Amino acid sequence: MKKILLWLLPVTVLAQVPVAHFNNIKQLTNGGSNGESYWAPDSKRIIYQSTRDGRECDQQYIMNADGSNQHMVSTGKGVTTCGYFTSDNKHIIYASTHEGGEKCPAPPPRNRGYLWGVHPTFDIYLATDEGKIIKKLTDQPGYDAEGTINPKTKRVLYTSEKSGDLEVWTMKEDGSGKKQVTSTEGYDGGAVFSHDGKMMVWRAYRPDTPQKVATYRELLKDHLTAPMKMEINVANADGSGAKQITNFGCASFAPTFTPDNRKILFASNKNKCDSGDFELFLMNLDGSGLEQVTSFGKFTAFPEFSPDGKKLIFSSSYQSRTPYEFNIFSVDWKP
């Protein structure tokens, strides 16, 4: 197995930022492009994806909650996304293209606008928290990625192209019991359960004209999707009772439930659509009571609350020194 790389970085304690819900903001990473960080069930460790160490695309890393002992746990091949700890606190899942090739997949063409690659070689793998792959959880043609887990119900939410469209599916942690839970044409992804496992929230793009449908299908055929017009949706955990709760016409994504399951925290560029200026916003489950939480400027996204409800982590370009630097921060959360 490839030798695990260690990147031990000091935690940077920043001057207090005037954010109503934040106390004691700390920078956990220092340089590189770091994002999509998620807590272990015991709130003591964090898994996240990072482009660093001279690599050209993301691999999966684990660190302690204080930012110490940062080390790679994926194969170092292909590109990875969306790592998550399983309920036993000893294993992880993540999506990777490494079986489709050792190199990073080619980036989307720039002449077609800002696009995401939905690589058909992405599959979801189960591994030990030291990086040894145990099992391949998805194994069909097309995109399978974006897995998250509710530790109480031990169910996984993920996005799959198995039906011919990008829909949200659910399965057990061992890959069994797969079930499709969304079915409306358009991209559905980035789904997470509420902490009690009774609800789910996700981002979705719904092409609402024949021309938009045709464009969406053309992009998907080329393993691409356009992410700049996405809205937040909620539903019961089985997908029933689905409801769109934002209507900004912008890019809203990375939603997560607050520890009491009564509100949703998410990222959006609603203040400046079609830009890379994202902040965190808080709202009720029906979309009412919208509150802007951060005002850092540039990019802040991927919030997640610790299972004990005490802390929040997120990725941000706050105080970055280079254009593509994004670091992971933690704060004490004030409801």
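The values are calculated or read from the model by the stated rules, or taken from the named source; none is laboratory data. Because the structure is a prediction, the values reported are computed rather than measured. Ideal geometry is used to build each Cβ from the backbone, glycine not excepted, and the neighbour counts take in all protein chains shown.
Which residues, taken from the stretch 168-184, are buried (at least 16 other Cβ atoms within 10 Å of the Cβ) and outside any strand (DSSP E or B)? Walk me through how you get there before you give the answer.
Step one: filter the stretch 168-184 for residues buried (at least 16 other Cβ atoms within 10 Å of the Cβ), giving 168-171, 173, 175, 178, 181-182.
Answer for the stretch 168-184, where residues must be buried (at least 16 other Cβ atoms within 10 Å of the Cβ) and outside any strand (DSSP E or B): Glu173, Gly175, Lys178, Val181, Thr182.
Only residues that are among the small types (Gly, Ala, Ser), in contact with a Phe, Trp or Tyr (Cβ under 8 Å, 6 or more places away or on another chain) and farther than 14 Å from Cys82 by Cβ: list them for the stretch 147-198, please. Can you show your working first?
Pass one, the stretch 147-198, residues among the small types (Gly, Ala, Ser): 147, 160, 163-164, 175-177, 183, 186, 189-191, 194, 197.
Checking which are in contact with a Phe, Trp or Tyr (Cβ under 8 Å, 6 or more places away or on another chain) leaves us with 147, 160, 186, 189-191, 194.
If the condition is that a residue be among the small types (Gly, Ala, Ser), in contact with a Phe, Trp or Tyr (Cβ under 8 Å, 6 or more places away or on another chain) and farther than 14 Å from Cys82 by Cβ, then Gly186, Ser194 are the ones that fit.
Can you say whether Met171 is in contact (Cβ under 8 Å) with a residue 60 or more places away in the chain, under 20 Å from the mean Cα position of the chain (by Cα) and farther than 18 Å from Pro227 by Cα, as far as the supplied structure shows?
Judged against the criteria, Met171 is not a match.
Which members of the stretch 82-103 meet the condition of being part of a strand (DSSP E or B), among the hydroxyl-bearing types (Ser, Thr, Tyr) and within 15 Å of Val192 (Cα to Cα)? Give the steps one after another, and end with the answer.
Quick first cut of the stretch 82-103, residues part of a strand (DSSP E or B) only: 82-85, 91-96.
With among the hydroxyl-bearing types (Ser, Thr, Tyr) added as a condition, the list becomes 84, 94, 96.
Hits for the stretch 82-103 are Tyr84, Tyr94.
I'm checking my understanding of the structure. Among residues of the stretch 127-159 that are aliphatic (A, V, I, L, M) and buried (at least 20 other Cβ atoms within 10 Å of the Cβ), which one is farthest from Asp308 (Cα to Cα)?
Kept after step one, since they are aliphatic (A, V, I, L, M), are these residues of the stretch 127-159: 127, 133-134, 137, 145, 149, 156-157.
Within this subset, residues satisfying the condition of being buried (at least 20 other Cβ atoms within 10 Å of the Cβ) are 127, 137, 145, 149, 156-157.
Numbers: Ala127: 24, Leu137: 28, Ala145: 26, Ile149: 16, Val156: 20, Leu157: 21 Å.
In this case the residue turns out to be Leu137.
Filter the stretch 79-112 for residues that are touching a Gly at 6+ places or on another chain (Cβ under 9 Å) and of a type in the set (D, E, K, R); which is surrounded by the fewest Cβ atoms within 10 Å (Cβ to Cβ)?
Going through the qualifying residues, I end up with Glu102.
Please find, among Ser68, Ser43, the residue that is loosely packed, with under 14 Cβ neighbours inside 10 Å and modelled with pLDDT of 95 or more.
Working: Ser43 fails: loosely packed, with under 14 Cβ neighbours inside 10 Å.
Result: Ser68 is the single residue among Ser68, Ser43 that is loosely packed, with under 14 Cβ neighbours inside 10 Å and modelled with pLDDT of 95 or more.
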